[in-house]
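The next block holds one structure in the form of structure tokens; read it before the comments.
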Amino acid sequence: MTLSSSSHQWPLVKRLFELWNGDSSFRNAVEHDFDSLGKTYPLCTDSLTLAKQLWQDNSFTKHHYSRKTFPQLHQFMQHQQELITLRSQIREDCTPLPANFKKWRHCQINRCDWQFGPEKNNTIIHMPICFELSQGCSVGCRFCGLSAPKLSSVFDYTPATSRLWKEILQVCRDILGKSSSRASLYWATDPFDNPDYERFCLDFHSILDIFPQTTTALALADIDRTRNFFRLSQEKGCELNRLSVHSVADLLTLHNNFSAEELARVELVLQSKGSLQKKVGAGRLLNSNDKSVEKTTISCATGFLVNMVEKSVRLISPWPANADHPSGYKTYDHGQFTNAVDFSSLLQQMISTTMQHSFSSQDPVLLTPGIRCLTRENTTLLSSAHREVPLSQVSDLPRLRDLIGSHNAGEIALHYLETEGMEPVLTFMTLNSLLCSGILQAGVQQ
Ligand code: SF4
């Protein structure tokens, strides 16, 4: 078998990997009954040739393949690398304009390094704002990491609501700058539950210059709508959309209804049984005993979560999912608005007062949950599941370990004044630096 056009077929490789990753029967057939693939799966001749090269001829191993003999795979790998680069770029773009917000986000990102590890944390874009255009979600996924409640209401597109929407976006642009253009228009919602989602996206594009990235689990509910949406978002320059795929049957239906080219820039999030993709132990899977479920978070916002139906704003940041934070994020503040002026005041007030990155005298000084102090070979270490640093490397305050968790910042400053003659301002500088390194938290608010 030879390929019909050797270098433009990476979408076929992507499709093969989707089958491999999402369907255990496909993996089984590849390994034990390769000849049945063509009969069981809707694969064209070129796909079968690629599958043979990938898994039968041993011409490919994950870390070594010949670029010349396998250009499609090389292009697919390049595409994957582009996605990683794009994510880093988006993370950078998410840096908000106000200095206070920027610094607070930076401190939260440092905390996440301790709590989730740098590898996971690098995949979190920490977007400064996101919107929900409905209340709840109609899909009810068994693995929903945000435990979305049932769909109860939708933010309709009327003359009044569209005016409010545009005004809100203008406020975002004015306060948060370009970072607001990286917002998503869904959170614990499915964007396609809102029949006017496309119109909200178009307004977003006209005010913030970017067509927002979309993830939906409802791609098959109305295939024409999905196809038109892909066309629209591509036309407006959207770099990537994602579809959540719940079963092998849905994966095959997607492959049957959309060409490999149409799905080339659509990431499939494979949630089917038997999928190799790991699930997150947050929300509905918080107490799952399944070993393939990772105790982490799907939350990717360090900023404002805005629900347009209930006109609410919450200030949130990722947090390891646990009984106190079942959806994998922590809420630092919340409020309501009735119009764009209120909304603007609410944002500004949270930025100036809630986004704390220094201690006041009364703040209890606590270690960030997940970090502990331990002694090894006469060295005091700060240690989490992901990082370990000698305390002396980040603080020159003697025996600070004995004071954390039992004193407030003012008491600690007084202690060092009395015992070491140290100016309180210097003690506060160290405590604030530890706060911004994500090691300490300042009482309740942090
Ligand atoms: S995972 Fe997404 S689509 Fe599924 S229930 Fe949660 S919010 Fe809805």
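Between 83, 73, the distinction of being over 27 Å from residue 325 (Cβ atoms), more than 16 Å from the ligand (Cβ to nearest atom), touching an Asp or Glu at 6+ places or on another chain (Cβ under 9 Å) and modelled with pLDDT under 95 belongs to 83 only. Of the set (1) modelled with pLDDT of 95 or more; (2) closer than 30 Å to residue 385 by Cβ, all apply to residue 145 but (1). Restricted to region 291-305, and to residues there that are surrounded by 21 or more Cβ atoms within 10 Å (Cβ to Cβ) and away from the ligand (no atom under 16 Å from the Cβ), the residue that is nearest to the chain's Cα centre (by Cα) is 302. For region 235-250, taking the residues that are at pLDDT below 95 and either aliphatic (A, V, I, L, M) or closer than 20 Å to residue 130 by Cα (or both), the one that is nearest to the ligand (Cβ to nearest atom) is identified as 240. Would you confirm, using the coordinates I've provided, whether residue 104 is part of a helix (DSSP H, G or I) and surrounded by 15 or more Cβ atoms within 10 Å (Cβ to Cβ)? Yes; evaluated as a whole, the condition is true for this residue. For region 114-126, name all the residues that are touching a Cys at 6+ places or on another chain (Cβ under 6 Å) and either within 16 Å of the ligand (Cβ to nearest atom) or of a type in the set (S, T, N, Q) (or both). Once the filter is applied, which keeps residues that are touching a Cys at 6+ places or on another chain (Cβ under 6 Å) and either within 16 Å of the ligand (Cβ to nearest atom) or of a type in the set (S, T, N, Q) (or both), region 114-126 yields only 121. Of the numbered criteria (1) without any contact (Cβ under 8 Å) to a residue 60 or more places away in the chain; (2) crowded, with 19+ Cβ neighbours inside 10 Å; (3) not aromatic (Phe, Trp, Tyr), the one residue 322 fails is (2).
Exactly one residue out of 362, 356, 393 is surrounded by fewer than 18 Cβ atoms within 10 Å (Cβ to Cβ) and under 21 Å from residue 115 (Cβ atoms), and it is 393.
Residue 228 fulfils the conditions (1) surrounded by 16 or more Cβ atoms within 10 Å (Cβ to Cβ); (2) at pLDDT 95 or above; (3) closer than 16 Å to residue 191 by Cβ except for a single criterion, (1).
Taking (1) in a helix (DSSP H, G or I); (2) in contact with a Pro (Cβ under 7 Å, 6 or more places away or on another chain) in turn, residue 419 satisfies each apart from (2).
For region 114-121, the criterion of being in contact with a helix residue (DSSP H, G or I) (Cβ under 8 Å, 6 or more places away or on another chain) and either outside the structural domain of residue 336 (by TED's automatic domain parsing) or without any contact (Cβ under 8 Å) to a residue 24 or more places away in the chain (or both) is satisfied by at least one residue.
The criterion of at least 1 residues that are under 19 Å from residue 312 (Cβ atoms) and within 24 Å of the chain's Cα centre (by Cα) is met by the following helices (runs of 4 or more DSSP H) wholly inside region 153-239: 159-176, 197-208. Residue 151 satisfies every condition listed in (1) outside the structural domain of residue 240 (by TED's automatic domain parsing); (2) of a type outside the set (Lys, Arg); (3) closer than 18 Å to residue 216 by Cβ except (1). Taking the criterion of being crowded, with 17+ Cβ neighbours inside 10 Å, of a type in the set (Val, Ile, Thr) and away from the ligand (no atom under 16 Å from the Cβ), the residues of region 134-179 that qualify are 168, 171, 175.
Close contacts from region 183-199, counting a first residue that is without any contact (Cβ under 8 Å) to a residue 40 or more places away in the chain and within 23 Å of residue 171 (Cα to Cα) and a second that is more than 12 Å from the ligand (Cβ to nearest atom) and of a type outside the set (Asp, Glu), with Cβ to Cβ under 7 Å and a gap of 6+ residues or different chains, come to 198/229; 198/232.
Say whether the condition of being buried (at least 18 other Cβ atoms within 10 Å of the Cβ), without any contact (Cβ under 8 Å) to a residue 40 or more places away in the chain and in contact with a strand residue (DSSP E or B) (Cβ under 6 Å, 6 or more places away or on another chain) is met by at least one residue in region 269-290. Checked region 269-290: no residue is buried (at least 18 other Cβ atoms within 10 Å of the Cβ), without any contact (Cβ under 8 Å) to a residue 40 or more places away in the chain and in contact with a strand residue (DSSP E or B) (Cβ under 6 Å, 6 or more places away or on another chain). Screening region 202-228 for residues that are among the small types (Gly, Ala, Ser) and touching a residue at least 24 places away in the same chain (Cβ under 8 Å) and picking the one that is farthest from residue 245 (Cα to Cα) gives 221.
Residues that are within 16 Å of the ligand (Cβ to nearest atom) and among the polar types (S, T, N, Q) within region 198-234 comprise 213, 214, 215, 216, 226, listed in sequence order.
For residue 131, the conditions (1) in a loop (DSSP other than H, G, I, E, B); (2) within 24 Å of residue 266 (Cβ to Cβ); (3) within 16 Å of the ligand (Cβ to nearest atom) are fulfilled apart from (1).
The values are calculated or read from the model by the stated rules, or taken from the named source; none is laboratory data. Every value quoted in this text rests on a predicted model; they were computed, and no experiment measured them. Glycine gets a Cβ as well: all are built from the backbone with ideal geometry, and neighbour counts include every protein chain shown.
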